[in-house]
Amino acid sequence: MCPKCGLPVAAEMNFCPNCGKRLKEKPASTGWLAVLWLMIVSVLLPPFGVGLTVRYLRSSDKVAKMWGVISLVLTIGVLAVAVWGTIVVSRNLNQVINQQLNTYMNIGN
């Protein structure tokens, strides 16, 4: 039964034929193109890949859940490397700036 309009609907239907209300989430695709897209988004655009990852993690299909876990691990790993890289670059930049300032201050004396 549709929760919006009350019309009886078959259990396998994704949408109510009367009002169009979504009755259940469309299953996550485990085709190679969909999984490749998930991995690319997880690695290249980690924060944006979380939405896709959650969809795969919430799926009832075990294969889709496995790809969701892999995507989550990749996303966390890439974010960790990005944070680590940012810290290293900022420390190095700070050292260079301090060296330049010290050189400048010593020339003036």
Pairing a residue in the range 21-37 that is at negative phi and of a type in the set (Lys, Arg) with any residue that is assigned to a helix (DSSP H, G or I) and surrounded by fewer than 11 Cβ atoms within 10 Å (Cβ to Cβ), where Cβ atoms lie under 9 Å and the two sit 6 or more apart in sequence or on different chains, gives none
Restricting the search to the range 52-109, which residues are within 30 Å of LEU33 (Cβ to Cβ) and among the aromatic types (Phe, Trp, Tyr)? TYR56, TRP67
Looking at ALA34, is it at pLDDT 95 or above, surrounded by 11 or more Cβ atoms within 10 Å (Cβ to Cβ), assigned to a helix (DSSP H, G or I) and not polar (S, T, N, Q)? no
Kindly check whether there is at least one residue in the range 98-106 that is loosely packed, with under 11 Cβ neighbours inside 10 Å, modelled with pLDDT under 90 and hydrophobic (A, V, I, L, M, F, W, C). yes
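In this structure, is VAL9 at pLDDT 85 or above and part of a helix (DSSP H, G or I)?
Spelling it out, it is not the case that VAL9 is at pLDDT 85 or above and part of a helix (DSSP H, G or I).
Among the candidates VAL88, VAL69, which residue alone is in contact with a helix residue (DSSP H, G or I) (Cβ under 9 Å, 6 or more places away or on another chain), at pLDDT 95 or above and assigned to a helix (DSSP H, G or I)? Spell out how you get there, then give the answer.
Values: VAL88 fails: in contact with a helix residue (DSSP H, G or I) (Cβ under 9 Å, 6 or more places away or on another chain).
None of the other options fit; the residue is VAL69.
The values are calculated or read from the model by the stated rules, or taken from the named source; none is laboratory data. Nothing here was measured: the structure is a model prediction, and the numbers come from that model. With ideal geometry, Cβ positions are generated from the backbone for all residues, glycine too; neighbour counts draw on all protein chains shown.
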